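Peer 1: Take this structure first; my questions come after.
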Amino acid sequence: MDASERALDRAAHNAGPRPAPAPGRRAAVLSGVAGWVPPGTVANADLADRLDTTDEWIRTRTGIAQRHTVPPGTATREMAAEAGRLALKSAGRDTVDAVVLATVTPDRHCPATAPEVATALGLGPVAAHDVSAVCAGFLYALASAAGSIAAGFADHVLVIGAETFSAIVDPDDRNTAIIFGDAAGAVVLRAGDPDEPGALGPVRLGSDGAHSDLIQIPAGGARQRLAGTDPAPGEYCLRMQGRKVYRHAKERMSQAAHDVLERSGWSIGDVDRLATHQANARITEAVADELGVPRDRVLSNIEHVGNTSAASLPLLLADAASSGLLLPHHRVLLAAFGAGLVWGAASLTWPDVTALSVHTYRG
Ligand code: UT7
């Protein structure tokens, strides 16, 4: 067996079912949750002329009615700090051991934005880093934070998803400009017992770089800079092959969610709430149908916020918990998908936590 065969063999082994965490192991427990959206909104009607589209087309094909955008002079750091501050309040804490920020719209390519967020929150010299996994970023960040807690490297971690997609979306691209919005969401994880409500259950993450071109920003990276070619107009913006992405999103989220169900020892009837990355309402419904989750158990806020990438899941959880749609002891199945391609799923039983959501879309 040569090196590449050994790698494939290892990957196949790693992809197989694994036992659930043994009782008594140290687990990451959700102890606070919050969402934050900037006050400015862009309604479908505001896009109609420029993009040769209609409110009805966007609502029917995506479920979106409006999205939010940051005001001038602010970007990801400010939104992340707002959501982080609320999540800490929700958890009743003013200290953590680490900050993990999921974003693909950092304020600058270098350095990461998380250290500035930690400073803005007055958290002192804690560990802080960004995670780049686009719309699956929150689940990747959650897994990283939970791993730190399980390993004993940290007792409390602030996990934030924050995105300023208005900075990378081409306003003339009707494939993307109708979908994406700016927002932030955050949770606090603490060390606890695997059997208590809020304990993060099995997590399933995956990737497929063979389809990296399906959603990308062509220019601005090391490869393009070193090639010495001038980017074409618009190449600093997000490009997406929507229809192909749609198919992958449905398949990958369904499969990952199914794997997590098995690892959790849950049947589909045990799932009280399905919380998927809010990419497109039709994708969420297709994943629910594929899994067999009844529509009245499916959480959704895409109508009010659009697709907010890494902010999507924590914002959805905060909105659902603060509006009473997500209740203590509900068994929640989470799934996300994004550019990369990357995807993930996780499960947890919802804890008794006071969610803070700066919204409820301000009317
Ligand atoms: O966040 C994770 C990654 N992102 C996603 O998961 C997003 C996945 N993709 C999508 O949500 C959908 O593919 C879109 C919303 C982007 C597009 O919807 P679609 O139903 O896949 O439309 P389509 O691209 O297949 O286009 C169908 C038709 C085309 O017209 P013809 O060729 O059939 O005459 C398009 O030109 O709809 C037209 N079209 C539009 N019409 C009005 C495409 N976009 C628009 C638009 N307004 N905004």
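The values are calculated or read from the model by the stated rules, or taken from the named source; none is laboratory data. This one's a predicted model, so the numbers in the text were calculated from it and none came from an experiment. No Cβ is skipped: glycine too gets one built from the backbone with ideal geometry, and neighbour counts run over all protein chains shown. In case anyone asks, the SASA skips ligands and DNA or RNA and just uses the protein heavy atoms, side chains included. Shrake-Rupley method; radii C 1.70, N 1.55, O 1.52, S 1.80 Å.
Peer 1: If G234 meets every condition in (1) surrounded by fewer than 16 Cβ atoms within 10 Å (Cβ to Cβ); (2) outside the structural domain of I58 (by TED's automatic domain parsing); (3) in contact with a Lys or Arg (Cβ under 9 Å, 6 or more places away or on another chain) apart from one, which number is that one?
Peer 2: (3)
Peer 1: Among (1) of a type in the set (K, R); (2) outside any helix (DSSP H, G or I); (3) closer than 27 Å to N175 by Cβ, where does R93 come up short?
Peer 2: All conditions are met except number (3).
Peer 1: Restricted to the stretch 225-265, and to residues that are within 16 Å of the ligand (Cβ to nearest atom) and of a type in the set (S, T, N, Q), which residue is farthest from the chain's Cα centre (by Cα)?
Peer 2: Q241
Peer 1: Check the stretch 311-330 and report whether any residue there is acidic (D, E) and free of Cβ contacts under 8 Å to residues at least 12 places away in the same chain.
Peer 2: no
Peer 1: State all residues of the stretch 259-277 that are among the aliphatic types (A, V, I, L, M) and in a helix (DSSP H, G or I); if no residue qualifies, say none.
Peer 2: Matches in the stretch 259-277: V260, L261, I268.
Peer 1: Would you pick out the residues in the stretch 289-315 that are closer than 15 Å to A34 by Cα and assigned to a loop (DSSP other than H, G, I, E, B)?
Peer 2: Within the stretch 289-315, N301, T308 meet the criteria.
Peer 1: One residue is enough: does the stretch 288-295 have a residue meeting the conditions within 16 Å of the ligand (Cβ to nearest atom) and not acidic (D, E)?
Peer 2: Yes.
Peer 1: So which of G206, G161, G181 ends up being within 16 Å of the ligand (Cβ to nearest atom), touching a Phe, Trp or Tyr at 6+ places or on another chain (Cβ under 6 Å) and assigned by TED's automatic domain parsing to the domain that holds G92?
Peer 2: Just a single option satisfies the conditions, and that option is G161.
Peer 1: When you go through A146, A141 one by one, which is the residue that is open to solvent by less than 10 Å² (accessible area, probe 1.4 Å), of a type in the set (G, A, S) and not assigned by TED's automatic domain parsing to the domain that holds A339?
Peer 2: The match here is A141.
Peer 1: Hey, among V187, V134, which residue is under 19 Å from the mean Cα position of the chain (by Cα), outside the structural domain of S312 (by TED's automatic domain parsing) and open to solvent by less than 20 Å² (accessible area, probe 1.4 Å)?
Peer 2: V187
Peer 1: Looking at (1) open to solvent by 20 Å² or more (accessible area, probe 1.4 Å); (2) free of Cβ contacts under 8 Å to residues at least 60 places away in the same chain, can you tell me which one Q278 breaks?
Peer 2: (1)
Peer 1: R67: touching a residue at least 40 places away in the same chain (Cβ under 8 Å), in a helix (DSSP H, G or I) and of a type outside the set (A, V, I, L, M), yes or no?
Peer 2: no
Peer 1: Hey, any hits in the stretch 199-210 for a residue that's crowded, with 20+ Cβ neighbours inside 10 Å and part of a loop (DSSP other than H, G, I, E, B)?
Peer 2: No, the stretch 199-210 contains no residue that is crowded, with 20+ Cβ neighbours inside 10 Å and part of a loop (DSSP other than H, G, I, E, B).
Peer 1: Inspect the stretch 324-337 for any residue being within 16 Å of the ligand (Cβ to nearest atom), surrounded by 24 or more Cβ atoms within 10 Å (Cβ to Cβ), farther than 23 Å from S31 by Cα and at pLDDT 95 or above and give the result as yes or no.
Peer 2: Within the stretch 324-337 (the criterion being within 16 Å of the ligand (Cβ to nearest atom), surrounded by 24 or more Cβ atoms within 10 Å (Cβ to Cβ), farther than 23 Å from S31 by Cα and at pLDDT 95 or above), the answer is yes, since at least one residue qualifies.
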